[in-house]
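Novice: Quick one: this structure, given as structure tokens, is what I'll be asking you about.
The values are calculated or read from the model by the stated rules, or taken from the named source; none is laboratory data. What you see is a predicted model, and the numbers here were worked out from it, not measured in a lab. Methodologically, a virtual Cβ is constructed for each residue, glycine included, from the backbone with ideal geometry; neighbour enumeration extends over all protein chains shown.
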Amino acid sequence: MPVIKDVVCTFCGCLCDDLEVTVEDNKITKVGKACKLGRAKTMGMFLHERIEKPMIRKNGKNSELEECSYDEAITKAAEILVAAKRPMSYGWCSTSCEAIEKAVVLAEVTGSLFDSTANVCHGPSALATQEKGAPSCSLGTAKNYADLIIFWGCNPVHAHPRHQTRYSTMAKGAFTPNGKKDKKMVVVDPRNTDTAKKADLLIQLTPGTDYVLIEALRAIVNGHADVLPDEIAGLPKAKVMELADMCKASKFGIIYFGMGITQTRGRYKSGDNVSSLLSDLTQTNKFVMIGMRGHYNVTGFGQVAAWETGFPMAIDFSRGSAYYNPGETGTNDVLMRKEVDAFITGAADPGAHFPQESVKHLYKIPAIQVDGYANPTTEFSDVVIPAAIAGVECDGTAYRMDGQPIRMKKLIETTFKTDEEILTEIIAKVHELKENGGA
Amino acid sequence: MIETILISGRTIDQGATLEEKTSQAYFNAAAYCELSEGNLEVLGVSVDQNVKVATAHGTVVLPVKIDKRLSDDIVFIPMGPWANAIVDPDTCGCGMPGFKGVPATVEATTDPVLNMKDLMATYKE
């Protein structure tokens with residue numbers, strides 16, 4: 001029975017690269033070493049329905065999607081984008097860097113806005129990095145050196161299930177040979193999460209007070225504990241002092257941070273302040289930070305977009321060159337301003353993951369979806385183009401949460417076009433339409 | 001009625017059913033809310049009975065579950081269409097809507113929970 005080893009999991013930003021996948025008659029029958037998320041992702045096409053054929057709505061949003069050919073769907077998609085005055089391309093984070101590169105080209109030739117799922121994830125972390133920097137390291141370095149692991153506003157037991165055994169708390173490193181016994185673990189979260197069960201210290205702060213807590217830690221680290229009140233972020237001052245003491249006592253600390261930092265009050269200013277805290281702590285010991293990235297290749301989107309355009313997300317090509325101003329050019333901003341008049345998305349699901357006001361606008365404009373599976377985005381899409389699953393049905397490159405590029409394998413054959421092929425064909429059709437004077 | 005703070009976020013079951021959002025499994029994984037045990041008593045509801053969660057941005061009806069470790073001031077909803085019916089769309093000028101930390105009220109209701117397609121259909125004009 002053929003078993004493919006060292007398979008890269010394409011669910012979350014951990015990009016675990018040790019899966020063992022059994023393939024029989026071009027069908028995946030077993031996925032070894034994966035977590036629940038990785039197994040569901042890798043075997044998905046054999047566990048539940050997928051989009052089998054390209055589809056088009058011929059009579060507006062209230063009409064049914066009707067099956068058509070790839071050529072027909074790709075032509076319709078190109079016509080929509082060429083006819084639009086303010087098109088937007090969004091997503092492209094659960095796919096390969098090669099596909100993302102094509103998505104950049106399509107956005108440029110159509111003068112589109114171009115954004116990633118970081119818009120509802122770690123976008124503020126990118127802004128924080130641009131403001132203050134993000135002292136970081138590889139997950140390998142963290143595994144081998146870190147003796148203090150702080151999970152701030154993230155819940156890896158649910159979102160990154162193998163993170164702790166492969167890279168952080170439980171991992172045995174060169175300078176932490178006994179794994180958890182050689183490390184301290186802290187969870188900062190308003191919820192007493194499943195991750196917190198094994199923490200040495202839970203800092204259960206009041207929702208939305210992350211910035212306040214970071215600021216208090218900075219005051220303590222810098223020798224100004226005397227100016228702090230008795231209660232900080234809903235916690236006794238002594239608890240915050242305990243965390244600061246743990247930070248000061250560590251040799252190599254790392255803050256893994258998630259949506260608890262980026263989606264709450266303060267947004268990028270909290271991430272910015274984490275960086276400042278690390279700067280303070282690094283006066284005496286080593287401290288780094290890594291964002292817990294959700295979509296497996298959202299980091300890759302940032303890399304590709306940055307080397308192609310100079311910016312990691314929220315890019316506007318309408319001026320003929322790349323312009324970047326998140327808050328103005330971010331997907332949810334332009335949707336809520338009802339500025340966009342056509343929308344293409346791939347390898348993401350804005351229908352499920354955008355606020356109601358943004359989705360309402362998506363119901364009013366022509367929308368194109370490139371995806372392997374039906375989801376809420378399908379409900380308002382006028383053109384639906386089925387795609388091969390990257391990392392299972394085609395190979396490609398993805399970037400792990402620490403910025404390490406990893407090559408994904410092709411495990412089985414497919415008749416579905418890849419995201420890269422679909423985008424390449426839409427680009428060709430756009431050029432053709434433009435040469436013929438538009439749609 | 002109780003006053004809470006809404007937090008949405010990943011759960012492993014929501015993540016494991018991400019690619020099958022038209023399925024009952026995804027509905028079961030994403031269409032519910034969690035409250036503390038004490039808050040269920042205050043509301044006079046049992047596990048799996050429906051509650052209406054309302055914010056300044058919308059309302060959503062969901063069955064309720066207990067998280068014994070949850071604070072009384074928090075209502076948790078797995079990330080997805082049901083949570084996003086009531087999150088704060090304002091990005092505060094930095095691109096990111098408010099998916100966590102939104103003031104919300106919770107009250108008992110006999111209204112039904114909408115499935116994914118029916119929920120999405122409410123956005124049509």
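Novice: For A:D71, state whether it is modelled with pLDDT of 95 or more, more than 20 Å from B:T17 (Cβ to Cβ) and touching a strand residue (DSSP E or B) at 6+ places or on another chain (Cβ under 9 Å). Full working, then the answer.
Specialist: Working: modelled with pLDDT of 95 or more: yes; more than 20 Å from B:T17 (Cβ to Cβ): yes; touching a strand residue (DSSP E or B) at 6+ places or on another chain (Cβ under 9 Å): no.
Judged against the criteria, A:D71 is not a match.
Novice: Further question: Out of the residues in the stretch A:34-54 that are crowded, with 22+ Cβ neighbours inside 10 Å and in contact with a helix residue (DSSP H, G or I) (Cβ under 7 Å, 6 or more places away or on another chain), which is farthest from B:T11 (Cα to Cα)?
Specialist: Result: A:P54.
Novice: Next question, about the same structure. For the stretch B:76-88, what are the residues that are in a loop (DSSP other than H, G, I, E, B) and either at the interface with another protein chain (Cβ under 7 Å from one of its Cβ atoms) or touching a Phe, Trp or Tyr at 6+ places or on another chain (Cβ under 9 Å) (or both)?
Specialist: Selection gives B:M79, B:G80, B:A85, B:V87.
Novice: Of the conditions (1) within 14 Å of chain B (Cβ to nearest Cβ); (2) without any contact (Cβ under 8 Å) to a residue 60 or more places away in the chain; (3) out of contact with any Gly (no Cβ under 8 Å at 6 or more places or on another chain); (4) among the polar types (S, T, N, Q), A:N222 fails just one. Which one is it?
Specialist: For A:N222, the exception is condition (1).
Novice: Then there is this: Working carefully through the options A:I28, A:I100, A:I80, find the one that is of a type in the set (V, I, T), within 17 Å of A:T378 (Cα to Cα) and touching a residue at least 12 places away in the same chain (Cβ under 8 Å). So that I can check it myself, show each step before the final result.
Specialist: Values: A:I28 fails: within 17 Å of A:T378 (Cα to Cα); A:I100 fails: within 17 Å of A:T378 (Cα to Cα).
Exactly one residue qualifies, and that residue is A:I80.
Novice: Pull up the stretch A:9-29, narrow it to residues that are away from chain B (no Cβ under 14 Å) and closer than 18 Å to A:T414 by Cα, then point me to the one that is surrounded by the fewest Cβ atoms within 10 Å (Cβ to Cβ).
Specialist: Restricting to residues being away from chain B (no Cβ under 14 Å) and closer than 18 Å to A:T414 by Cα, the top hit is A:D25.
Novice: Quick check on my filter: what residues within the stretch B:89-118 are touching a residue at least 24 places away in the same chain (Cβ under 8 Å) and facing chain A (nearest Cβ under 7 Å)?
Specialist: Residues satisfying the conditions are B:P89, B:F99, B:K100, B:G101, B:M116, B:K117.
Novice: Any residue in the stretch A:57-75 that's within 12 Å of chain B (Cβ to nearest Cβ) and under 19 Å from A:L362 (Cβ atoms): show its pairings with residues that are assigned to a loop (DSSP other than H, G, I, E, B) and not small (G, A, S) at Cβ separation under 7 Å, as long as the two are six or more apart or on different chains.
Specialist: A:K61/A:Y363; A:K61/B:K124
Novice: A further question follows. Which residue pairs have Cβ atoms closer than 9 Å, lie 6 or more positions apart in sequence or on different chains, and pair a first residue in the stretch A:138-149 that is modelled with pLDDT under 95 and surrounded by fewer than 18 Cβ atoms within 10 Å (Cβ to Cβ) with a second residue that is assigned to a loop (DSSP other than H, G, I, E, B) and among the small types (G, A, S)?
Specialist: Qualifying pairs under 9 Å: none.
Novice: Between B:S8, B:S46, which is touching a Lys or Arg at 6+ places or on another chain (Cβ under 7 Å) and not in a helix (DSSP H, G or I)?
Specialist: Details: B:S46 fails: touching a Lys or Arg at 6+ places or on another chain (Cβ under 7 Å).
Going through B:S8, B:S46 in turn, the sole match is B:S8.
Novice: Also, quick follow-up: Of these, A:T329, A:T345, A:T309, which one is in contact (Cβ under 8 Å) with a residue 60 or more places away in the chain, within 11 Å of another protein chain (Cβ to nearest Cβ) and of a type in the set (V, I, T)? So that I can check it myself, show each step before the final result.
Specialist: Working: A:T345 fails: within 11 Å of another protein chain (Cβ to nearest Cβ); A:T309 fails: within 11 Å of another protein chain (Cβ to nearest Cβ).
Checking each option against the conditions leaves just A:T329.
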